[in-house]
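See structure below.
Each reported figure results from applying straightforward, stated rules to the coordinates on display, with no laboratory input. All figures in this text were calculated on a predicted structure; none of them were measured in a lab. Virtual Cβ from ideal backbone geometry, glycine too; neighbours counted across all protein chains shown.
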Amino acid sequence: MRRDVQDRLISQLAEFLDNGETTMVDSERLNPVSEYSHPDRHAQERTELFRTQPIVVGYGSQLPAPGDQFVDDLSDWKVVLTRTTDGRVRGQVQDEASGQLVDIAVQERHGIVWAVLAPGASIDVADYLGPDLDAEFTSFGLGDYVVERTHRFTERINWKSVIDGFLENYHVRYLHADTLARFLRTNVHVYDPFGRHARLAVIKTTFDKVRHLPVAEYDPLRHMSVVYHLFPNTIISWVNDHFEAWTSFSEARRPGFSATQLTLLTRPDMVDKHEFWDRSMKTILEVIPAEDFEMARLMQQGLRAQAQTHQVFGRNEGPLQQFHAQLDSVLGPSPD
């Protein structure tokens, strides 16, 4: 990330911290709970969202040499990726009607392999990201990071609940009082939209050690976590010195379930530090399933009971509002 962007973000966060403020949008959003439970919405997402938008299906480091092959089945569609002799990545998807592999549009950019799953479609990742976000990933050197490990979660929660959990930090104080709240400030963030996508910068408790210093005298990225939402279903977070990528899909045959993959992306010189990554993964597995996913399961039970018709996304939840507004822009309003 460019240093001037880092300086601006940490300065805004410091000002919010001093004033007890955060990024606010113009109004609340009433979000229909049917978006999480209606079978027609589930079908729409499978056919009109996941098959028409560029989605993350792998990482370039999983195909290091010509002839290497990788199969992604997180979405329930079998996607076969192959590194060709000229260094490009070829993508094929198993057609549901015939069972045959059909070519699809794929593109490798920023170390990520993206695909549009509908055969015959085209793809332009730079255009999809937009010039500002594309340039930011370049400045961050995201393409230099490689896969250290992956972990898959299958949960009885809607895939959108997985994404929702990363798009606001108001809940940290309450849901993670004994875990993440020791490291992150709650309800202090800077939100910036990038077209369909978004960036959420939050401040760490370590900032207390340097907040009296001029910003030029410390490294802002050591005292922030930066969360990127790549519409529709991927989160990429900068955490200390590496990236965590989360991609989530609904399951085809079980509408109330989701399949989510976590990928740790690190610098090549750190990829063999197995004990370090074991500790990182242990922390994640102690927090996310037991706290975030458990809360999402409880919420989903309430939504299925139809005890309420809408959720309220507050003015301090701009990234959440944007995510669901963008879903509506692609799929239309959620069915009643």
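For the range 55-122, the equivalent ellipsoid built from the Cα gyration tensor has semi-axes of 19, 12, 11 Å, listed from largest to smallest. Between the listed residues G120, Q306, N240, the Cα displaced farthest toward the positive end of the dipole of the chain, a dipole computed from Cβ unit charges relative to the Cα centre, is found at Q306. Taken about its Cα centre, the range 55-122 carries a charge dipole of roughly 240 debye when the Cβ of each Lys and Arg holds +1 and the Cβ of each Asp and Glu holds -1. Taking trypsin sites (Lys or Arg not before Pro) across the range 130-185, the ones in a DSSP loop with at most 16 further Cβ atoms lying within 10 angstrom of their Cβ are R156. Placing unit charges on each Cβ (+1 for Lys and Arg, -1 for Asp and Glu) gives the chain a dipole about its Cα centre, and among W77, F194, L9 the Cα reaching farthest toward its positive end belongs to W77.
Across all directions, the average projected area of the convex hull around the alpha carbons of the range 229-328 is 8.5 nm². Net charge dipole, the chain: roughly 440 debye, given to the nearest 20, about the Cα centre with Cβ charges of +1 for Lys and Arg and -1 for Asp and Glu.
Shape call for the chain from the C-alpha gyration tensor, a ≥ b ≥ c root eigenvalues: rounded (a/c under 1.5), prolate (a/b greater than b/c) or oblate? Oblate. Loop-located GluC sites (Glu not before Pro) in the range 1-50 (DSSP state other than H, G, I, E, B) with a sparse environment of at most 14 neighbouring Cβ atoms within 10 Å: E21, E28.
Seen from every direction in turn and averaged, the convex hull around the alpha carbons of the range 77-155 projects onto 7.4 nm².
Could you work out how far the C-alpha centroid of the range 280-336 sits from that of the range 33-65, in angstrom? Between the Cα centres of the range 280-336 and the range 33-65 lies a distance of 16 Å.
Of the GluC sites (Glu not before Pro) found in the range 50-153, those that fall in a DSSP loop while having at most 16 other beta-carbon atoms within 10 Å are E96.
Computed from the C-beta positions of A290 and R222 and an R0 of 25 Å, the FRET efficiency is 0.35 to the nearest 0.05. Think of the range 135-228 as a dipole: +1 on every Lys or Arg Cβ, -1 on every Asp or Glu Cβ, centred on the Cα centre; then among G143, T206, V162, V162 lies furthest on the positive end. Within the same chain, lysines fewer than 8 places from K209 are excluded, and of the rest, none has a Cα less than 25 Å from its Cα. By the rule of a C-alpha distance below 25 Å, with chain neighbours fewer than 8 residues away ignored, the lysines paired with K160 are K78, K282.
Under a 10 Å cutoff between Cα atoms, tell me which one of N31, N169, N19 has the largest fluctuation in the Gaussian network model of the chain. Comparing N31, N169, N19 in the GNM, the peak value goes to N19.
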